[in-house]
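To start, the structure itself, in structure tokens.
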Amino acid sequence: MKRLIADIHMHTLASGHAYGTIREMAAAAKEQQLQLIGISEHAPGIPGTVDPFYYGNLRVIPRVIDGVEILHGCEINVLNGGRLSLEQKYIDQLDYAIVGIHGLCYQNEGTDGNTTNLIECMKNPKVKLVSHPDDDHTPLDYPRLVQAALQYHVALKGSLHQPGQKGPAAQLLPELPHHAGPVPAIPGAYCCGLGRARPQLGGPAGPGLCAAGERGL
């Protein structure tokens, strides 16, 4: 069994729907013997989250807390038209970005339109992960999505671990073994705390692990 060393999809109370601080996250990570965490607050578009000004002041956050390395990320919303919900000048301040479709700020355009919009956002070089591509809110073309993930070295992070998973996740999983080499996918649940750690980034273990390291994460 592979040792998990990092969790880079985490929200603090600053996101409006989670309840821990960065220091509490780091303390919990140390207890679980994680080496690295990434704080990825929601970008504008989600009720209660931070103002973009937040991302311009990340330099004040210690890079190491309780022996745990801290990365600065953001879960940015995919908007209609293939746009990101955070300006590039703020994205440039991040170590990495996660992109995802959230119904609170996105109108379903159908399988082709949703997939095109998501892929357009994946082209941004700061984007390393796609959050919950296997949910039931917006249909996606999984063969196209997996090909784009390989092309742009972006990991797919869903809820693939759930026993008896049906629906979109059951459609996404069969796509992964068809591709040679490490397929960029991270199984794991949406995280509003430190409940679950993610697999090691850039590992050579084949389908199910992340190839995002090729973009320098």
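The values are calculated or read from the model by the stated rules, or taken from the named source; none is laboratory data. All of these numbers come straight from a predicted model, not from anything done at the bench. All Cβ positions, glycine included, derive from the backbone under ideal geometry; neighbour counts span all protein chains shown.
Summary table below
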quantity	calculated
Positions within segment 68-81 being under 17 Å from ILE37 (Cα atoms) and in contact with a helix residue (DSSP H, G or I) (Cβ under 6 Å, 6 or more places away or on another chain), in sequence order	VAL68, HIS72
Tally, over segment 13-35, of residues that are surrounded by fewer than 19 Cβ atoms within 10 Å (Cβ to Cβ) and touching an Asp or Glu at 6+ places or on another chain (Cβ under 7 Å)	4
Test for LEU71: is it within 17 Å of TYR96 (Cα to Cα), touching a Gly at 6+ places or on another chain (Cβ under 7 Å) and in contact (Cβ under 8 Å) with a residue 24 or more places away in the chain	yes
Unmet requirement for ALA97, which otherwise passes all of (1) surrounded by fewer than 20 Cβ atoms within 10 Å (Cβ to Cβ); (2) of a type in the set (Gly, Ala, Ser); (3) closer than 20 Å to VAL130 by Cα	(1)
Subset of segment 121-140 (residues that are surrounded by 17 or more Cβ atoms within 10 Å (Cβ to Cβ) and of a type in the set (Asp, Glu))	ASP134, ASP135
Given (1) within 22 Å of ALA18 (Cβ to Cβ); (2) surrounded by fewer than 16 Cβ atoms within 10 Å (Cβ to Cβ); (3) at pLDDT 95 or above, index of the condition VAL78 fails	(2)
Count - residues of segment 87-134 that are part of a loop (DSSP other than H, G, I, E, B) and under 14 Å from GLU75 (Cβ atoms)	10
Subset of segment 1-40 (residues that are touching a Cys at 6+ places or on another chain (Cβ under 6 Å) and either among the acidic types (Asp, Glu) or not in a strand (DSSP E or B) (or both))	HIS11, ALA18
Tally, over segment 14-28, of residues that are farther than 21 Å from HIS132 by Cβ and more than 18 Å from the chain's Cα centre (by Cα)	6
